[in-house]
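First comes the structure, then the notes that go with it.
The values are calculated or read from the model by the stated rules, or taken from the named source; none is laboratory data. Computed from a predicted structure; not experimentally measured. Positions of Cβ are backbone-derived with ideal geometry, glycine not excepted, and every protein chain shown enters the neighbour counts.
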Amino acid sequence: MNRRDLIVKGFKSLVLAGVLPQFSACIRSELEKDYLFSLNENDFNFVQLNLYGGPVRWMFDNFLKPKDENEFVPTKMVGGRFKNSDGDVELNFIKRYGYNVPEFWGLKSKSGLEHSSLLENMITIRGVNINVSGHPLGIIKTVRPDSTKPSLQGVISDNSKSPLPSVIFGSNPATRSYFSNERGGLQVPLNESNLLKQILNPFVMAEEKSLFGKKNKKDKIIKSVLENLDGVYGSEDKYLKELRGSLDLFIDNLDPYLEEYASVLEKYEKLISENTKEFDGLSIDKLKLRELNTSNLKEIEKEESWGRYKIDYQTYLRGSNLEEMLASADMGHIPHQFACTEFLLKRGLSNSLMLSTPNEMGSFLYGCNNTGNISQKSFEKKKIIPAKEKSISIQMDSHHTGTVLQTAASFMFYRGLVPCLDRFKNELKKVKTKEGKTLFDKTLIHICSEFERIPRDDEAGSEHNHSSHTSSFLSGSIKKFKVCGNIKTGNKELGTIGTSANVDHFKREIFAKDIYQSVCDIVGVKSPVPRAKGLLKWEGDEIIPTFDELKNVKGES
Amino acid sequence: MIKVLVFMVMLPVLFAQDYEENTSTSVVKEKRFAGRQFIKNTLIEVFGESSSSLINETYFKVGKQVGGPCDIYEQVYYEHDKILNPNVECPGGKPASKNSLFPKTNILRSSHILKTCYELSIKKDLPKKFQGEGYLKKISNSFYPFGGDEKLKKKLSKKSSNRGEEAIKNTLLTYCLSPGWQTL
């Protein structure tokens, strides 16, 4: 630090400490004003929470019996709480906003706010048929259904006036299918903890300042250079326009923004930590799971009889250590992505974002204590062999996650996710736009994954249900909770799990491209994907569904 | 017969929207910006070898925004952290092999070139070869050895009588940011 920086910092400290209060507004507001870009009146924010991996959502927003007249056939593994000591699960419903919703929504976060308050501004489209198998193709269908056209975030970014193009967090087929014609995108891997620094570092160009921190001569020099270039290449030259645009993004010092980000991150981390340590609402106290030990191991003919105790393809839950296993778990980069997204939206830096998983593994809980659990080899060797890894992650793609861990882990994840969404929504509500609305009114949050799941008969995991995709939308412009879409009831063998059924209004099932069209319709960009049906529309200032069907139709799941 | 004729006329109209959506022009004209290897090499030639570490940090290592794929198999490690041919670099590793050959201009690429050029032209010491009389011609020859900058040179020649360091640096920055040398 040189002498000038010391004097400036000292002056600012005196101001901020209240010794020179008459200057405080100048210092603070200068920081605020300097890096604030108003949302263009034609732009609309789009944030996609892409749960790549396809986690179970029947306890969350895959509404299987939304109305009393909808037939619901219970099935193994489809539950939101434990029913008895053996680990059977059940899915119970409560009434909220005129719909039957999983009782999860009746729980309250530590702040006292009931989860169902989120439903006030939500529309869920269920029973969407993705029609392809596999994760990569499944998610690409949602994000970029036509491979010759831009992806959803790409088309929004191309039509936007925000300073930065789309910001895509994570690295998996969903994020890698990002494509835009014009503006490119900013892909932010989740391998470093400071996401904001990764995004803003390119725009840091420290410069000597005057004592009062006024804009330095850098801007003057560059603007004069750009004027010369305008005279030669024309002011409409795309490259020159971008140079000019990038000049607005440069900052002298990233530290104040990193401090702001760190403070917001801490809040999200605290929300997750305080809401995921208890399991009220899961009836975990009812569980008296069998303990897998040498004596009962010899009685067991097949490992499948322990299906519901499965953790992953090579490990089983010992029995009594479920809470211990989850006590150390965390939600990875979820708080970081929320904190960064909040910063970027509130400062108007980007209007198209995707939050997703760090890699193809699509885990949703990390750092689960695995000591004491049992290796699959124990069944073969007929003796207890402890699991090797001390700590594991639990994947959203639960092919090998049995009922017990599946239910508890999903419960924990959504208990952490909902308070984050609540905070995010409330923070956006605090920001007013030029038209007198709130930023939440001008934002569409899209919660999706590739598909729902099909429970296995042995309860040792679940498979992909590519005939069932659920998309939930949150926005301040959604004034009423609505659930739309038809699903099949299933039968005794495989009950109601959300498999798509025809929608009379469209004379066909709903497909992924219809979700793409719907988002484009709301955000106000022309969808390049042909022959898709919009599922959402504007009616005045309100977003409503374009159709009103909500049936559980007789048929096999 | 008339009905058949009307139907045949209307048939293309019925599919016109799909046709419009599914076809595009066969020729599209747009600037092709050079990848990071070209930009780095040119800037090193202009500003000297001493600028190479700055260019690496602010531009070359950035990633897919600035384009320029590299072949990771060009690197041969003879010890775990020593590459056989240190002149061949592939920052970004395997994913960098998928960087586009000719990046499209975008705000991120623009911010990187702006920062790089500003650091090199304004904040660093002025290279000796550009000092003194005739600096405009020297700068022009460095960035445009085969011409193509006639309009830019003409625009700047009016101010080139000022031989102060600030004026020379501003000219250097103007040339560095000009798109002509960056496009292929």
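Could you give every pair whose Cβ atoms fall below 8 Å, whose first residue belongs to region A:74-87 and is free of Cβ contacts under 8 Å to residues at least 40 places away in the same chain, and whose second residue is in a loop (DSSP other than H, G, I, E, B), counting only separations of at least 6 or pairs across chains? Partner pairs satisfying both residue conditions: none exist. I want to confirm something. Restricting to region A:244-255 and keeping residues that are surrounded by fewer than 16 Cβ atoms within 10 Å (Cβ to Cβ) and more than 11 Å from chain B (Cβ to nearest Cβ), which single residue is modelled with the lowest pLDDT? In this case the residue turns out to be A:Asn253.
For region B:156-174, the candidate set comprises residues that are surrounded by fewer than 16 Cβ atoms within 10 Å (Cβ to Cβ) and of a type in the set (Gly, Ala, Ser); within that set, the residue that is nearest to B:Leu136 (Cα to Cα) is B:Ser157. The residues listed here are A:Lys197, A:Lys223, A:Lys241; of these, the one that is at the interface with chain B (Cβ under 10 Å from one of its Cβ atoms), on the phi < 0 side of the Ramachandran plot and at pLDDT 85 or above is A:Lys241.
Hey, among A:Gly127, A:Gly112, which residue is in the same structural domain as A:Glu509 (by TED's automatic domain parsing) and either without any contact (Cβ under 8 Å) to a residue 60 or more places away in the chain or touching a Cys at 6+ places or on another chain (Cβ under 6 Å) (or both)? It would help to see each step written out before you state the result.
Values: A:Gly127 fails: either without any contact (Cβ under 8 Å) to a residue 60 or more places away in the chain or touching a Cys at 6+ places or on another chain (Cβ under 6 Å) (or both).
The conditions single out A:Gly112.
Of the residues making up region A:351-363, just one is touching a Leu at 6+ places or on another chain (Cβ under 6 Å) and at pLDDT 95 or above, namely A:Leu355.
Of the listed requirements (1) of a type in the set (Gly, Ala, Ser); (2) free of Cβ contacts under 8 Å to residues at least 12 places away in the same chain; (3) crowded, with 20+ Cβ neighbours inside 10 Å, A:Ser162 misses just one: (2). Take region A:366-391 and flag every residue that is surrounded by 21 or more Cβ atoms within 10 Å (Cβ to Cβ) and in a strand (DSSP E or B). Answer for region A:366-391, where residues must be surrounded by 21 or more Cβ atoms within 10 Å (Cβ to Cβ) and in a strand (DSSP E or B): A:Cys368, A:Ile374. For the residues A:Ser171, A:Ser133, A:Ser151, A:Ser180, the requirement of being within 14 Å of chain B (Cβ to nearest Cβ) and closer than 30 Å to A:Gly534 by Cβ singles out A:Ser180.
Identify all residues within region B:4-43 that are in a loop (DSSP other than H, G, I, E, B) and at pLDDT below 65; write none if there are none. Scanning region B:4-43 gives B:Phe15, B:Thr23, B:Ser24, B:Thr25, B:Ser26, B:Val28. Of everything listed in (1) more than 36 Å from the chain's Cα centre (by Cα); (2) surrounded by 18 or more Cβ atoms within 10 Å (Cβ to Cβ); (3) more than 28 Å from B:Glu165 (Cα to Cα), the single unmet condition for A:Val264 is (1). Is it true that A:Glu182 is free of Cβ contacts under 8 Å to residues at least 40 places away in the same chain, among the acidic types (Asp, Glu) and in the same structural domain as A:Pro528 (by TED's automatic domain parsing)? Considered against the rule, which asks whether it is free of Cβ contacts under 8 Å to residues at least 40 places away in the same chain, among the acidic types (Asp, Glu) and in the same structural domain as A:Pro528 (by TED's automatic domain parsing), A:Glu182 comes out as yes.
Out of all the residues in region A:531-538, is one or more touching a strand residue (DSSP E or B) at 6+ places or on another chain (Cβ under 6 Å), crowded, with 21+ Cβ neighbours inside 10 Å and farther than 26 Å from A:Leu91 by Cα?
We begin by selecting, within region A:531-538, every residue touching a strand residue (DSSP E or B) at 6+ places or on another chain (Cβ under 6 Å); these are A:535-536.
Subset that is crowded, with 21+ Cβ neighbours inside 10 Å: A:535-536.
Right, trim to farther than 26 Å from A:Leu91 by Cα and you get A:535-536.
Checked region A:531-538: at least one residue is touching a strand residue (DSSP E or B) at 6+ places or on another chain (Cβ under 6 Å), crowded, with 21+ Cβ neighbours inside 10 Å and farther than 26 Å from A:Leu91 by Cα.
Restricting the first member to region A:274-296 and to residues that are more than 24 Å from A:Gly367 (Cβ to Cβ), and the second to residues that are in a helix (DSSP H, G or I), the beta-carbon pairs closer than 7 Å and six or more apart or on different chains are A:Arg290/A:Asn296.
Which helices (runs of 4 or more DSSP H) does region A:251-365 wholly contain that include 3 or more residues that are touching a Pro at 6+ places or on another chain (Cβ under 9 Å) and either under 25 Å from A:Leu190 (Cβ atoms) or not assigned by TED's automatic domain parsing to the domain that holds A:Val56 (or both)?
Values: elements: A:255-275, A:294-299, A:322-327, A:334-346.
In region A:251-365, A:255-275 are the helices (runs of 4 or more DSSP H) which contain 3 or more residues that are touching a Pro at 6+ places or on another chain (Cβ under 9 Å) and either under 25 Å from A:Leu190 (Cβ atoms) or not assigned by TED's automatic domain parsing to the domain that holds A:Val56 (or both).
Would region B:106-126 turn up any residue that is more than 9 Å from chain A (Cβ to nearest Cβ) and over 26 Å from A:Leu247 (Cα atoms)? No, there is no match, as no residue in region B:106-126 is more than 9 Å from chain A (Cβ to nearest Cβ) and over 26 Å from A:Leu247 (Cα atoms). Restricted to region B:132-184, the set of helices (runs of 4 or more DSSP H) holding at least 1 residues that are under 30 Å from B:Leu101 (Cβ atoms) and at the interface with chain A (Cβ under 10 Å from one of its Cβ atoms) comprises B:150-157, B:165-177.
Determine whether A:Ser305 is surrounded by 21 or more Cβ atoms within 10 Å (Cβ to Cβ), of a type in the set (S, T, N, Q) and farther than 16 Å from A:Ser393 by Cα.
Details: surrounded by 21 or more Cβ atoms within 10 Å (Cβ to Cβ): no; of a type in the set (S, T, N, Q): yes; farther than 16 Å from A:Ser393 by Cα: yes.
Spelling it out, it is not the case that A:Ser305 is surrounded by 21 or more Cβ atoms within 10 Å (Cβ to Cβ), of a type in the set (S, T, N, Q) and farther than 16 Å from A:Ser393 by Cα.
For residues in region A:395-436 being of a type in the set (Lys, Arg) and in contact (Cβ under 8 Å) with a residue 60 or more places away in the chain, which is surrounded by the fewest Cβ atoms within 10 Å (Cβ to Cβ)?
Initially, region A:395-436 is screened for residues of a type in the set (Lys, Arg), giving A:415, A:423, A:425, A:429-430, A:432, A:434.
Still in the list and also in contact (Cβ under 8 Å) with a residue 60 or more places away in the chain: A:415, A:423, A:425, A:434.
Working: A:Arg415: 23, A:Arg423: 20, A:Lys425: 21, A:Lys434: 9.
Within region A:395-436, the match that is surrounded by the fewest Cβ atoms within 10 Å (Cβ to Cβ) is A:Lys434.
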